[in-house]
Amino acid sequence: MSTLDRHDPATGAARPPLACDDAAAVAAAYQRARAAQPAWAARPFAERHAILSRFRDLLAAEADALGAVQSAETGKPIKQARGEVGATPGRVGWFLDRAEALLSTEVRADAPGMVEKTTWEPLGVLANISAWNYPWFVGTNVYVPALLAGNAVLYKPSEFAADTGAAMGDLLHRAGVPADVFQVIQGGGATGAALLDQPIDGVYFTGSHATGVRIAQAAAAKLIPVQLELGGKDPAYAAEDVDPAATAAGLADGAFYNAGQSCCAVERIYVHADIYDAFVAAFVAEVKGFTRGAPSDPDTYLGPLTRQPQLAVLQAQVEDAVAKGARVLTGGAAIDGPGWYFAPTVLVDVDHSMAVMREESFGPIIGIQKVADDAEAIRLMNDTEYGLTAAVYTRDQARAEAILGALDTGSAYWNCCDRVSPRLEWTGRGHSGVGSTLGDVGIRAFTRPRGWHLRSPA
Ligand code: NAD
């Protein structure tokens, strides 16, 4: 069995290595899941619902301890880790509330002699390959509705959130999900690739665009559902009619929460020329006020990056921007000392020739660009291969909806950002992915419909 080295992002100190499942172990797990899935699907929906309800309750009861597990391995500040775990039971509650209505048989026509109905049937054995940045949110978005629908799930957490993944398996099994119906597969990319070699019935992936493309290629010949929730380069636009300070505070949080390691983090900001100077001054003051420190400290807002190599990516984006004429107003480099901290960085005089305005940063760094009007803002916001979210700040709802409607993104925010609702489909366009979790679509995403045409004997 191979292992992966692990480190504490806050200190760089070694953590116990991760024992990885090899191809034989993955194949055996698949066989067990295949054997167990029909009995799980055959159980009444109410039984599966009761089990996932117990999971929700256990999660709520143990949220603080589970937040600490996540914080220790990813470096996410403890307050934010506990915030994520603590909010997850409510999102699971959405699935529990909606699933029965969406998974029940629907009679579409009931004419004399001819009945038409649709049933929503499980796909079978699903692979769920996940990311580390919000492991509870992006994990439960997949495996809770998938299990409710009667599927078995082979869940491969990120190697950077492996302890959290193990804890998820423990919680689900304690709640009553059979051990073979939900299995945690541990390892990195090689283990994920081995999982895709199995004759799975669907793959649900959260991660980077580059890996997502590899997943889609590996799954192509299987002709199975492939759902990809990928990265973003999410823009925000502040129009001239807003309060610059309040808007700057909201957008700074959207850009720097979890050290910018959110798929829907604000990654580039456009500001109307009339409020540009006031906005930038307030934004920089806000960023300078962030409390940086150890993830275990409840007062910490900005912790380390989870992955050390990202420090070099951020450094390269800063250097590229500065070489092309940008100015660094604060930050601009990794922080000396132990751990993988990057100083929160604000760049101005940026343009779209610079990587910082085009490529996902996934860290505490932002470019702010001045625009003359809405048309320029729309043109620049659309100048991207990604399409996850976009935010517009203005007092005028009609204006905001007109701007947002001209953008090609899966989520549209008016006077808010970096926000996910269980009630709304979460979906990316372009390089941000295909398919949806959450919302009604994100419940049926783990089923296949069967259309029944039932003619009575004459
Ligand atoms: P990543 O692509 O490096 O890894 C994601 C998962 O894929 C991990 O479990 C990894 O082990 C696995 N993997 C890597 N290579 C593989 C291969 N060849 N075959 C199968 N599996 C493989 O991404 P990450 O660093 O974990 O996550 C960060 C990225 O995720 C960012 O781009 C972020 O924007 C994105 N993300 C998107 C959403 C969303 O909802 N759209 C949510 C969270 C994160």
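The values are calculated or read from the model by the stated rules, or taken from the named source; none is laboratory data. Small disclaimer: the values here were computed from a predicted structure and weren't measured. Quick reminder, even Gly has a Cβ in these numbers, built from the backbone with ideal geometry, and neighbours come from all protein chains shown. Keep in mind that these areas ignore ligands, DNA and RNA; they rest on the heavy atoms of the full protein, side chains included. Shrake-Rupley method; radii C 1.70, N 1.55, O 1.52, S 1.80 Å.
Size descriptors for region 301-364 (Cα atoms only): Rg and Dmax, in that order, 11.4, 34 Å.
In the assembled protein chains, residue 222 presents an accessible area of approximately 60 Å² (probe radius 1.4 Å). Computed from Cα positions, the angle between helix 209-219 and the longest principal axis of the chain comes to roughly 20 degrees. For every other residue with a beta carbon closer than 15 angstrom to the beta carbon of residue 454, add +1 if it is Lys or Arg and -1 if Asp or Glu, then tell me the sum. Net charge around residue 454: +1. Across region 298-318, no residue has a backbone nitrogen under 15 Å from the label position 7 Å along the beta-carbon direction of residue 2.
Distance from the Cα centroid of region 339-412 to that of region 105-162 is 33 Å (rounded to whole angstrom).
Note on region 316-458: Cα convex hull, mean projected area over all directions, 14.0 nm².
Ranking 30, 192, 437 by how far each Cα lies toward the positive end of the dipole of the chain (charges on Cβ) leaves 30 at the top.
Relative to the Cα centre, what is the charge dipole magnitude of the chain, using +1 at the beta carbon of each Lys and Arg, -1 at the beta carbon of each Asp and Glu, and rounding to the nearest 20 debye?
Its charge dipole is roughly 1400 debye.
Near residue 166: Cβ cut-off under 15 Å, other residues only, Lys/Arg at +1 and Asp/Glu at -1. The net charge is -2.
Taking amide H atoms as placed 1.01 Å from N in the peptide plane, the amide H of residue 371 lies under 5 Å from those of 271, 272, 273, each 5 or more residues away in sequence or on another chain.
Taking 31 Å as the limit for the C-alpha separation, the pairs 117/156; 288/324; 76/222; 76/288; 79/324; 156/324 exceed it in the case of 117/156; 76/222; 79/324; 156/324. Axis of helix 162-175 versus longest Cα principal axis of the chain: the two differ by about 40°, to the nearest ten degrees. For the chain, the fraction of 1.4 Å probe accessible surface lying on carbon and sulfur atoms is 54 percent.
An ellipsoid equivalent to region 240-386, defined through the eigenvalues of its Cα gyration tensor, has semi-axes of 24, 18, 13 Å when rounded to whole angstrom and sorted largest first. Each residue, residue 285 and residue 197, gets one label point 7 Å from its Cα in the Cβ direction; the gap between the two is 5.9 nm. Estimated purely from DSSP H runs of n ≥ 4, each contributing -39500 (n - 2.57), the mean residue ellipticity at 222 nm for the chain is -13000 deg cm²/dmol once divided by its residues.
On the principal axes of its alpha carbon atoms, region 106-242 extends 57, 53, 35 Å, with the longest extent given first.
Computed from label points 7 Å out along Cα-Cβ, the spacing between residue 115 and residue 379 is 6.1 nm. Counted over all Cα-Cα pairs of the chain, pairs farther apart than 32 Å make up 41 percent.
At a Förster radius of 30 Å, what calculated FRET efficiency corresponds to the Cβ-Cβ distance of residue 107 and residue 434, to the nearest 0.05? Result of the calculation: an efficiency of 0.45.
Would you mind checking the tilt of helix 244-256 against the longest principal axis of the Cα atoms of the chain, expressed as 0 to 90 degrees and rounded to 10? That helix lies at roughly 50 degrees to the long axis. Based on alpha-carbon centroids, what's the gap between region 1-59 and region 171-237 in Å, whole number please? Cα centres, region 1-59 to region 171-237: 13 Å. Note that region 234-422 presents 38 Å² accessible area per residue, ligands and nucleic acids not counted, probe 1.4 Å.
One chain, two ends: residue 336 and residue 97. Fully extended at 0.36 nm per residue, the span grows by 81.1 nm beyond their Cα-Cα distance.
Once the chain from residue 15 to residue 402 is taken as fully extended at 0.36 nm per residue, the excess over their C-alpha distance is 134.3 nm.
Judged by the mean number of other Cβ atoms found within 10 Å, the most tightly packed of the peptides 97-108, 26-37, 234-245 leads the ranking 234-245, 26-37, 97-108. Full extension of the chain segment joining residue 79 with residue 319 gains 83.2 nm, where the gain is 0.36 nm per residue of separation less the Cα-Cα distance. Label-to-label distance, residue 65 versus residue 423, with points set 7 angstrom from Cα along the beta-carbon direction: 3.4 nm.
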